[in-house]
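Working notes for the structure below.
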Amino acid sequence: MEALIVVDMQKDFMPGGALPVPNGDRIIPRVEEYIGLFKERGALIVATRDWHPENHMSFKEYGGIWPKHCIQNTKGAEFVIKLPEDAIIISKADKPDKEAYSGFEGTGLANILKEREVKKVYICGVATEYCVKATALDALKHGFEVYLLKDAVKGINPSDEEKVLKELEENGVKIATMNVLKA
């Protein structure tokens, strides 16, 4: 069994949002294409989201480095992609005193995937240098075969993104694209 993990495709991470990934909106069509492809393949569709309380430790006002973003039950926390009704939503960093870049951190995601006998995970979303990277590395730690969908991720800084892709590959993440998957 395989799973598609869509990382943090939320309004606050898109242009015009509180913490935008430059051109993050450009991958929306490709992410939705992957959702359709993996749905046809019978894969599990998982979407992670930042789900911060108003007083989250990552916010500048509370000693963190980020502006307020993806606050629970606000427009900024809403998904910008169409998800199937049976998609599993994973909320992370939802307690004031816990940071979580990875979709696996404090969420039970590894157990959910293992209970469904998932062996391979495919990861897309934003931002490559932060939550995508952390999710991919944690997926490896939990024993999954990990693929990063290079044509459906966006980073903050292109040169940093290239370094992260190289680091992920060196750690065992396989890089894939739609052309490879459809071949």
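FYI, it's all coordinate maths here, none of it is from the lab. Keep in mind that this is a model prediction, so the values were computed, not measured. Reconstructed Cβ throughout: ideal geometry from the backbone, glycine too, with neighbour counts over all protein chains shown.
Average the reciprocal distances over every distinct pair of alpha-carbons in the chain, invert the result, and give the Kirkwood radius in Å.
Taking every pair of different Cα atoms in the chain, averaging 1/r and inverting gives 16.2 Å.
Around Ser159, with a cut-off of 15 angstrom between Cβ atoms, what is the net charge of the other residues, counting Lys and Arg +1 and Asp and Glu -1?
-1
Gap in Å between the Cα centre of segment 156-183 and the Cα centre of segment 60-82?
The distance from the Cα centre of segment 60-82 to that of segment 156-183 comes to 26 Å.
Among Trp66, Gly24, Gly36, whose Cα projects farthest towards the positive end of the dipole of segment 2-182, with charges put on the beta-carbon of Lys, Arg (+1) and Asp, Glu (-1)?
Gly36
Are any of the pairs Lys75/Lys114; Lys60/Lys120; Lys114/Lys150; Lys95/Lys182; Lys98/Lys154; Lys39/Lys119 more than 28 Å apart by Cα-Cα distance, and if so, which?
Lys75/Lys114; Lys60/Lys120; Lys95/Lys182
Give the cross-link partners of Lys141 among the aspartates and glutamates, using a straight C-alpha distance below 19 Å as the criterion and excluding same-chain residues fewer than 8 apart.
In chain and number order, the partners are Glu2, Glu99, Glu105, Glu115, Glu117, Glu129, Glu167, Glu169, Glu170.
Could I have the simple spin-label model distance between Thr177 and Ile112, label points 7 Å from Cα toward Cβ, reported in nm to one decimal?
Spacing of the two 7 Å Cα→Cβ label points: 3.0 nm.
What distance in nm lies between label points placed 7 Å from Cα along the C-beta direction at Glu169 and Glu54?
Here the answer is 4.7 nm between the modelled labels.
Which net charge results when you count Lys and Arg as +1 and Asp and Glu as -1 among the other residues whose beta-carbon is under 13 Å from that of Ala134?
Around Ala134, the surrounding residues sum to -4.
Using packing as a proxy for protection, rank 42-54, 169-181 so that the peptide with the highest average count of other Cβ atoms within 10 Å comes first.
Taking the mean over residues of other Cβ atoms within 10 Å, the ranking is 42-54, 169-181.
Assuming R0 = 25 Å, what is the FRET efficiency of Arg26 and Thr74, from their Cβ-Cβ distance, to the nearest 0.05?
Plugging the Cβ-Cβ distance into 1/(1 + (r/R0)^6) gives 0.60.
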